[in-house]
Structure formats: structure tokens, C-alpha cells
Protein chains: 2
Amino acid sequence: MRVYLAGPEVFLPDALEVAAAKKRICAAHGLEGVFPLDPPPAAPPAERPYWMRIYLGNEAHIRSCGGLIANLTPFRGPSADVGTVFELGFMRALGRPVAGYSNVAEDFLARTRGFLGDAARPRADGGWEDADRMGLEDFGLADNLMVDGGIEAAGGGFERAEVPAGRRWHDLAAFERCVIRLAADARGDQWPSASSA
Amino acid sequence: MRVYLAGPEVFLPDALEVAAAKKRICAAHGLEGVFPLDPPPAAPPAERPYWMRIYLGNEAHIRSCGGLIANLTPFRGPSADVGTVFELGFMRALGRPVAGYSNVAEDFLARTRGFLGDAARPRADGGWEDADRMGLEDFGLADNLMVDGGIEAAGGGFERAEVPAGRRWHDLAAFERCVIRLAADARGDQWPSASSA
């Protein structure tokens, strides 16, 4: 099965090395990893702007894959990279298996409170809000409930690991757990660990 | 046409008032606004956790709608709320019209540089990178290219406005421009303004 490797690693100077490492792990478990920077199945129309050709290429990649693994490690804020989350939602709507991982283990609430600092304020009902009086999600999840829920609804898993900051974009242990999940799914096995909901 | 009203307003203390105002604007243009907090078309299974019932309700809402308007105003970082972006990607994959708006007009690059502060560093090639050496997108877009691209691919528009911070979650002028776009689409009109790509 072809698996789309969504994540902000495309922004790294060594993106192609990360892509190669992820593809090796996929291959070791019988899957074919597809990286966003790979040539798309068909060339997007040359007259579209460069950024739109990238978009159309990624969309074509996702449609060509039987599953998706998203790197949901927090990116410039308390949540995952929005490009990655767009792709996760897209693949969920196609009804194909998705899994996700984060190399930061802390809950979404704790991370959001850390990000907001003194701007996070307790509410009378025991919850928290920000300076705009917008509530903070507090479900013990890894990110916004649409992210965790989309993975859960697709039968996948959200794998969390606590990786030192210097290795956060390169440690692939949690990624490999996602690969093992999707490989079992592609074989029609039961999921290797019970779903949490 | 039913239109799903995606956005982080669900976190506001006056979320239901914002929902009512958006629905009034939709109705004035012949559309039916559907807010995430509305009762879903079918009740999610009672045995699922509360957060998962919210997820499943939102997914059912989106599937029941003919279009989506996303509030993509930056939320706790340089990008839009990830829950909203998940829903945008989901609806794009269903092939139905989507539009988006932001009440912050500044480009994504300028916003990301502002967020990173001194951690944003120039690259030798003229681009910018963060402290992890990850590149900053520089396409003159409103957000990550997957967000702008998904809207563009669906034939919609990304409406930007510069709204003072105190009115950022309540000003609906850019939202109304999205409603006008989707209403024209539902009638089979040409788009009211030319697409940029």
C-alpha cells in the first residue's frame, strides 16, 4: 500500500534525507512511502503559479495513496502544522486509514497554557480561557479534538513520544509505530493495540 | 444550500450570538448556515467519549452541507485554527465549494516573522528560516499553501480584511463576502470576482 507522509519536514534543509529514512521504514514493513516532494502522479498544469502546482501535486499524491501518516509534532505554536492537518482532514474524508504522531508528549491543554503564559486565565467553571476570552480545550488529547477525532474515526492511532528538542524533527520511533499500525491494517490484521475510544 | 460555518468562534463565550449573526447573513443571501454547535443530523453513539461525539457530530454536519466557509483568522500562532483547517481539507476532499476569510490582512511570511521575532533568520538564498532551520513559506499567501490552495482548487476565494484586534472575532464583513461567493456558486453564477490563479 502507498502511504502519504504528511508533515512539516518539507521545510527542513535535509528534507530529502528525512524522506529517505521514512521510506526505508515503510519498506521494512511492506509499505511504499510517498513524500510530498516526490514527483506527483501527473504534472500539474504549467500555467498555474508555482505554489498552486505544489498544492495540486500534493492533492494528487494523497488521492493516489491508500493511507496517510501525519507528523503532528507542534509547529510554531501549540498545534500541528496546518498544511499537515489539511491533508489529514482530506484523507479522512476519502475514508482511507490515517495515523498520526507527535514527538512532544504533553497534553494539548498544558501546551496551550505554556504557549499563552500569563494570558491564560482560569474560568469560574474550572476551565481556562485566553486574553480574547476564548476557551481552551481540555479533553486530555494531543491536539484540537478534530485532529484526534479524525484519526480515531479512521481507526488509527495518535502516537506520542517525548523527544529532546534537538531530535524532534528527526526521531522516527513514533513514526514507525504508525507504520506498523497501517501495515497491519493493509494486511487486514486487528490493530496491534486497542483503540482508546 | 446548507453551508457549514467552520471557525474557532466555538471557543467564544458568546459563540451562539456569533452563530446567529452568521446565520442571519447566510439567510439574507439565500443560504442556510450550519454552526458546529447545532444539533447534528443524527445523534452520535452515546457510548463514545464526549469529545468524540463532538467530532462525529461535526463530521456529520459537514457531510450534510453543500459548502463550507472557514474563519481562518490566525489563532494562537501565525496560522489558522487547526480544527477549522481539518474541516476545510475534509470538505475540499468531498469536492464541494469552500471559501475562507481572515480578519488579519498581513501575509503569512510577515506574520510568521513577527511570531518568531529574533528566531527568524535570513538564509543565503534570500529566504528565511526558524531556529530549527526550517524554511518560512514566502508565496504572498494568507496561510500555508495547502490552505490557500485548497480554497483556490475548489473555485473559492480567500477574503482578507484588517480588523482591529478588539473586533477580530466578531467583524463579519469578510465573512459576508464569502457568503456572497457561495451564494453565487449555488445559483450557478460566475464568481463575482476573478480568481487569482
Would a scan of segment A:114-123 turn up a residue that is part of a loop (DSSP other than H, G, I, E, B) and more than 21 Å from A:Val10 (Cα to Cα)?
yes
Long-range neighbours under 6 Å by Cβ, at least six apart or interchain, first residue more than 15 Å from A:Ala186 (Cβ to Cβ) within segment A:17-31, second modelled with pLDDT of 95 or more and not in a loop (DSSP other than H, G, I, E, B):
A:Val18/A:Glu9; A:Lys22/A:Leu5; A:Lys22/A:Gly33; A:Lys23/A:Gly33
Could you tell me whether segment B:160-179 includes any residue that is more than 9 Å from every other protein chain (Cβ to nearest Cβ) and in contact with a Pro (Cβ under 7 Å, 6 or more places away or on another chain)?
no
Taking the conditions exactly as written (acidic (Asp, Glu) and part of a loop (DSSP other than H, G, I, E, B)), does A:Asp171 satisfy them or not?
yes
Going residue by residue through segment A:149-161, is there one that turns out to be over 14 Å from the mean Cα position of the chain (by Cα) and either open to solvent by less than 20 Å² (accessible area, probe 1.4 Å) or under 28 Å from B:Arg133 (Cβ atoms) (or both)?
no
Exclusive hit being more than 7 Å from every other protein chain (Cβ to nearest Cβ) and hydrophobic (A, V, I, L, M, F, W, C), set A:Leu145, A:Leu109, A:Leu141
A:Leu109
Of the conditions (1) within 7 Å of another protein chain (Cβ to nearest Cβ); (2) farther than 21 Å from B:Phe175 by Cβ; (3) touching a strand residue (DSSP E or B) at 6+ places or on another chain (Cβ under 7 Å); (4) among the acidic types (Asp, Glu), B:Glu129 clears all except one; give me its number.
(1)
When restricted to B:Arg133, B:Arg181, the only residue open to solvent by 60 Å² or more (accessible area, probe 1.4 Å) and either of a type in the set (Lys, Arg) or closer than 18 Å to B:His29 by Cβ (or both) is B:Arg133
Restricting to segment B:13-64, what's the tally of residues that are charged (D, E, K, R), surrounded by fewer than 17 Cβ atoms within 10 Å (Cβ to Cβ) and under 25 Å from B:Pro97 (Cα atoms)?
4
Among the residues of segment B:45-96, the number that are of a type in the set (Gly, Ala, Ser), in contact (Cβ under 8 Å) with a residue 12 or more places away in the chain and at the interface with chain A (Cβ under 7 Å from one of its Cβ atoms) is 5
Is at least one residue of segment B:20-30 under 21 Å from A:Val147 (Cα atoms) and more than 13 Å from chain A (Cβ to nearest Cβ)?
no
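The values are calculated or read from the model by the stated rules, or taken from the named source; none is laboratory data. Keep in mind that what you see is a predicted model, and the values were worked out from it rather than measured. When we count neighbours, we look across all protein chains shown, and the Cβ atoms used for this are built from the backbone with ideal geometry, even at glycine. Surface accessibility is based on the protein's heavy atoms, side chains included, excluding ligands, DNA and RNA. Shrake-Rupley method; radii C 1.70, N 1.55, O 1.52, S 1.80 Å.
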